[in-house]
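Structure record follows, encoded as structure tokens.
The values are calculated or read from the model by the stated rules, or taken from the named source; none is laboratory data. None of the values given here were measured: they were computed from a predicted structure. Don't worry about glycine lacking a Cβ; one is built from the backbone with ideal geometry, like all the others, and counts go over all protein chains shown.
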Amino acid sequence: MVPNMQQAMKQIQKMQAEMARIQEELANKTVTGTAGGGAVKIEISGKLEVKQVFIDPEVVNADDVEMLQDLVVAAMNEAIKKAQDMANEDMAKITGQLKIPGMPNLF
């Protein structure tokens, strides 16, 4: 292998190890999405696993289940967006450092 190719392969291997480490860390980080002024809260991990759901008893109304469903969906969507943003920020720390000769701005 030419020296530049060997250097590139080392950088890729280092990046893969860093990405694996970040993914492990994301499993332990959580974010919370809320809706209805905090009446519904959903906590998920950086791996998009639901960890906790909180529903204020005040918003539980048998005559308006649709509103509660909408609040749960809104809180879940917010939590997912936050988790994805967190993961993207963490991964950008690694992929932004990638410098392969002849291939600028890969990510």
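Of (1) in a helix (DSSP H, G or I); (2) free of Cβ contacts under 8 Å to residues at least 60 places away in the same chain; (3) within 14 Å of the chain's Cα centre (by Cα), Met91 satisfies all except one. Which?
(2)
Of all residues being polar (S, T, N, Q) and free of Cβ contacts under 8 Å to residues at least 24 places away in the same chain in the stretch 7-24, which is nearest to Gly46 (Cα to Cα)? Just the residue, please.
Restricting to residues being polar (S, T, N, Q) and free of Cβ contacts under 8 Å to residues at least 24 places away in the same chain, the top hit is Gln16.
Just wondering, is there one or more residues in the stretch 15-33 that are modelled with pLDDT under 95 and more than 27 Å from Met91 (Cβ to Cβ)?
no
For the stretch 21-59, which positions are surrounded by fewer than 12 Cβ atoms within 10 Å (Cβ to Cβ) and assigned to a loop (DSSP other than H, G, I, E, B)?
Those that are surrounded by fewer than 12 Cβ atoms within 10 Å (Cβ to Cβ) and assigned to a loop (DSSP other than H, G, I, E, B): Gly37, Gly38, Glu49.
Only one of (1) closer than 22 Å to Asn88 by Cα; (2) surrounded by fewer than 16 Cβ atoms within 10 Å (Cβ to Cβ) fails for Met76. Which number is that?
Only one criterion in (1) closer than 22 Å to Asn88 by Cα; (2) surrounded by fewer than 16 Cβ atoms within 10 Å (Cβ to Cβ) is unmet by Met76, namely (2).
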